[in-house]
Amino acid sequence: MNRSLASDSTTWRLHREVVLLAGWGRAILLQIAHPLVAQGVADHSGFAAERWARIGRLKRTVGAMLALTFGTPEESAAAAAGINRIHDRVHGRLPQTAGAFGSGSGYSAHDPALLAWVHVTLVDTFLVTYERFVGPLTPAERDRYCFEATVSAPLLGIAPDALPRTTAELSDCMERMLASDQIAVTDTARRLADEIVSRGLPRPARTLLALARLPTVGLLPRQIRKAYGFEWTPRQERALRLLSAATRRSLPLLPPLLRHWPAARRAARRERTARPD
């Protein structure tokens, strides 16, 4: 997600799609299913206390992702530095035992294991969301995306070889983590989840909540959905399938102005301008 990725990369193809936002709630719920991540979010983000905190956090995170993917080398470096500055402030201790972590266990946003878990949840979620709402990918394209996703890892203090580089490695990592006691949905995570699926949107946007909740809850692994206590009925599953199918049919009809992020369109223009005639 830096200067080595160009417009023919799988990462550009995925990350330019605004519709990937449909999976953002899923990624966050997976991340905070780790007790240390949940505690860090609760202690430092203002996520649940402030009405607009969720929107602001999403805007900052999306902006950083777009800069890492589509920005110039300078913009990518600045985005990574901004993320690292935020992470400098995020550290503390777990107030009570949760899963594998005893009371008083320390957490830090610079912890390589926590950074790797956040990375894995995002890569897995973007692949799942793209194939549900945009279109299928070949096995080679999935593997290429996993590999490309490691490119910006050093900028964030992550060793690339600590991350999955193929779909098989990604699936194995997800399965191992979900089966381990490192993943344990705490009461803190459930309170944060309530903000995501119930009260997290400002009042004018709540009419969209029912649609937004479908991929947020429906795309979760079953055991995580159950651990949060989310209901998921056959009717909701049918609604998600209909929403996905309708989106896949309608996206090709939209112009890039509506379908793709402005940062992606700017990067494409920049690359065309720089290309020799």
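Take the Cα radius of gyration of region 1-142 and divide it by 2.2 N^0.38 Å, N being the number of residues; the result is 1.12. Highest mean packing first, where packing is the average number of other Cβ atoms within 10 Å per residue, the peptides 244-251, 127-134 line up as 127-134, 244-251. A simple rule links phi to the HN-Hα coupling: the Karplus curve 6.51 cos²θ - 1.76 cosθ + 1.60 with θ = phi - 60°, which for region 115-124 gives 4, 5, 5, 4, 4, 4, 5, 5, 4, 4 Hz, with x for Gly and Pro. Enclosing the Cα atoms of the chain in their convex hull gives a volume equal to 134 cubic angstrom per residue.
Each principal axis of the Cα atoms in region 78-124 has its own extent, and those three values, largest first, are 36, 27, 12 angstrom. Rounded to a whole number, what % of the accessible area of the chain do carbon and sulfur atoms account for, probe 1.4 Å? C and S fraction of accessible area: 57 percent.
Scalar couplings 3J(HN,Hα) for region 160-176, obtained by applying the Karplus form with A = 6.51, B = -1.76, C = 1.60 to θ = phi - 60°, are x, 6, 8, 10, x, 10, 9, 5, 4, 5, 5, 4, 5, 5, 4, 4, 5 Hz; x denotes Gly and Pro. Based on C-alpha pairs under 8 angstrom that are at least 6 apart in sequence, the chain has a relative contact order of 29 percent.
Ranked by the mean number of other Cβ atoms within 10 Å of their residues, highest first, the peptides 87-97, 213-223 fall in the order 213-223, 87-97.
Annotation: peptides 5-18, 30-43, ranked by per-residue average of other Cβ atoms within 10 Å with the highest first, follow the order 30-43, 5-18. Of R176, R235, R190, R57, the residue with the largest accessible area leads and the full order is R235, R176, R190, R57 (1.4 Å probe). Close amide H pairs (under 5 Å, H built 1.01 Å from N) link Y107 with G92, R93, L94, residues at least 5 positions away or on another chain.
Normalised by 2.2 N^0.38 Å, where N counts its residues, the alpha-carbon radius of gyration of region 121-277 equals 1.23.
The values are calculated or read from the model by the stated rules, or taken from the named source; none is laboratory data. Predicted model only: the values in this text are computed from it and were never measured. Counting neighbours? That spans all protein chains shown, and the Cβs are built from the backbone with ideal geometry, glycine included. Only protein heavy atoms, including side chains, enter the accessible area calculation; ligands, DNA and RNA are left aside. Shrake-Rupley method; radii C 1.70, N 1.55, O 1.52, S 1.80 Å.
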